[in-house]
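Structure provided below as structure tokens; questions to follow.
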Amino acid sequence: MTAVSRPPVSHHPQETSPRDGASRLRPRRSCLAVPGSNPRFLEKAQGLPADQVFLDLEDACAPLAKEGARHTIVDALNNGDWTGKTRVVRVNDWTTHWTYRDVITVVEGAGQNLDCIMLPKVQDAQQVVALDLLLTQIEKTMGFEVGRIGIEAQIENAKGLVNIDDIAAASPRLETLIFGPADFMASINMKTLVVGQQPPGYGADAYHYILMRILMAARTHDLQAIDGPFLQIRDVDAYREVAGRAAALGFDGKWVLHPGQVDAANEVFSPSQEDYDHAELILDAYEWCTSEEGGKKGSAMLGDEMIDEASRKMALVIAGKGRAAGMQRTSKFEAPEA
């Protein structure tokens, strides 16, 4: 019998439009958590220089405050000034009885002033698919653009990490994968009570595999990777150290729980001025050397450095982050004299 070839099964809901690439790459150096039940904090967050603000209906809201917080968030999204910020709401996870009403109330009430829904404690692809389908139904009902609202998936336990490749491919709405360290540490019985701290008795970085696994899944599917919170909110130096670990690996940003952490996150996840200028020079030099005027060469010298296509790809990453951060060049490329 001849084998019949079948197309692979897709997790993607059929009627969701593809996500715009620019949406996936929004600046997310600093992702500020704000309790959805606190109007004063919601107002203050609007004036802080965070790239993203997520209004929280999950852990930051007591059970008795969740219903009222939904309406407080709708009012804040519709009437606040969130200029320059990615606007996100974190709903409760699917194992609770709050999730569907969180999504319906917030999206029906403020969907046109909302960029993403953050889904916590994601354990498998079907949880993302379910949220995608619910968003699609609401968008159609309300007359919103179908597929515009993105999804951020928070990985907070061992099962979620094991299933991360399927999760990352679950929906074209997906924009980011986020590490949730506190719940994750509890799920694997890590021997420490300080979130993000290296457990005693282990000489290496206990989080390296977790962060790299999230990063590989994110990059495979053109998503951003975001590190979770650091709870010692007054120790900004320690925050910089932990954030620097994620930034060095290639993460795009980190949560901030306190205004004092915002500037540190923006700095750590932006390139230095020197690196940004160098990246832009590489791009200019490569464009020139591959042009007719530059001799159509595949490589060239930039000072004492040889650059080629691989150099261009690396420079695009740094230049892209610098541009997203609003950095300005302080150097100019000058073509060498013939």
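On a 0 to 90° scale, report how tilted helix 208-220 is relative to the longest principal axis of the chain, with both axes built from alpha carbons and the result rounded to the nearest 10.
80
While we're here: Taking the Cα atoms only, what angle lies between the long axis of helix 273-289 and the longest principal axis of the chain, rounded to 10 degrees?
The angle comes out near 60 degrees.
Continuing with the same structure: Of the peptides 157-165, 40-48, how do they stack up when ordered by the mean number of other Cβ atoms within 10 Å, highest first? Mind showing how you got there, number by number?
Working: 157-165: 17.9, 40-48: 14.9.
Put in order of decreasing packing, that is 157-165, 40-48.
Can you run phi through the Karplus equation (6.51, -1.76, 1.60; θ = phi - 60°) for region 135-144 and list ³J(HN,Hα) in whole Hz, with x for Gly and Pro?
So the J values, rounded to whole Hz, are 4, 4, 5, 5, 4, 5, 5, 8, x, 7.
Shifting gears a bit: Tell me whether region 22-150 comes out rounded, prolate or oblate; compute the Cα gyration tensor, take square roots of the eigenvalues as a ≥ b ≥ c, and use a/c under 1.5 as the rounded threshold. Present the calculation step by step, with values, prior to reporting the outcome.
Details: a/c = 1.39, a/b = 1.17, b/c = 1.19.
It comes out rounded by the Cα gyration axes.
Would you mind checking which residues have amide H under 5 Å from T86's amide H? H placed 1.01 Å from N; only 5 or more apart, or other chain.
Q52, V53
While we're looking at this one, here's another question. Compare S291, S171, S187 in a GNM of the chain, Cα atoms joined below 10 Å, and give the one with the largest fluctuation.
Of S291, S171, S187, the most mobile in the Gaussian network model is S291.
Also: Under 5 Å between amide H atoms, partner at least 5 residues away or on a different chain: which partners does D56 have, H built in plane at 1.01 Å?
V34, G36, R90
Taking Cα atoms, how many degrees apart are the long axis of helix 309-324 and the longest axis of the chain, rounded to 10 and kept between 0 and 90?
Once rounded, the angle reads 50 degrees.
First compute the accessible area of the chain with a 1.4 Å probe, then give the percent of it belonging to carbon and sulfur atoms.
Values: 8800 of 16520 Å².
Carbon and sulfur: 53 percent of the exposed surface of the chain.
Would you work out the charge dipole size for the chain about its Cα centre, treating the Cβ of every Lys and Arg as +1 and the Cβ of every Asp and Glu as -1, and quote it to the nearest 20 debye?
Values: 34 positive and 47 negative charges, 169 e Å.
Around 820 debye, computed over the chain.
Determine the calculated [θ] at 222 nm for the chain from helices alone, applying -39500 (n - 2.57) to every DSSP H run no shorter than 4 residues and normalising by the residue count; nearest 500 deg cm²/dmol. Could the numbers behind the result be given before it?
Details: 13 runs with 142 residues, N = 338.
After summing the helix terms and dividing by the residues of the chain, the value is -12500 deg cm²/dmol.
So which residue, out of E145, E67, E287, gets the largest mean-square fluctuation from a GNM of the chain using Cα contacts under 10 Å as springs?
Judging by the Gaussian network model, the answer is E287.
Could you work out which residue, out of G203, G84, G250, moves most in a Gaussian network model of the chain, that is, has the largest mean-square fluctuation with Cα springs under 10 Å?
Fluctuation is largest for G203.
Beta carbons within 10 angstrom, averaged per residue: use that to sort the peptides 231-242, 116-127, highest first. If you can, show how the numbers build up before the last one.
On the way: 231-242: 15.6, 116-127: 22.2.
In decreasing order of mean packing, 231-242, 116-127 become 116-127, 231-242.
How much area per residue is accessible in the chain when the probe is 1.4 Å and only protein heavy atoms are counted (Å²)?
Working: 16520 Å² over 338 residues.
With the other protein chains kept in place, the chain gives 49 Å² per residue.
Right, here's the next one. Give me the percent of DSSP beta bridges within the chain that run antiparallel, rounded to the nearest 5.
Once the DSSP bridges in the chain are tallied, antiparallel ones form about 10 percent.
Relative contact order of region 197-338, please, whole-number percent, based on alpha carbon pairs below 8 angstrom and at least 6 residues apart.
Values: 142 pairs, mean separation 25.1, N = 142.
Rounded, it is 18 percent for region 197-338.
Contact order normalised by length for the chain, with contacts defined as Cα pairs under 8 Å and 6 or more residues apart; what percent is it?
Working: 587 pairs, mean separation 51.7, N = 338.
Here the relative contact order equals 15 percent.
The values are calculated or read from the model by the stated rules, or taken from the named source; none is laboratory data. Fair warning: this is a prediction, and the values are worked out from it, not measured in the lab. Methodologically, a virtual Cβ is constructed for each residue, glycine included, from the backbone with ideal geometry; neighbour enumeration extends over all protein chains shown. Accessible surface areas use protein heavy atoms only, side chains included; no ligands, DNA or RNA. Shrake-Rupley method; radii C 1.70, N 1.55, O 1.52, S 1.80 Å.
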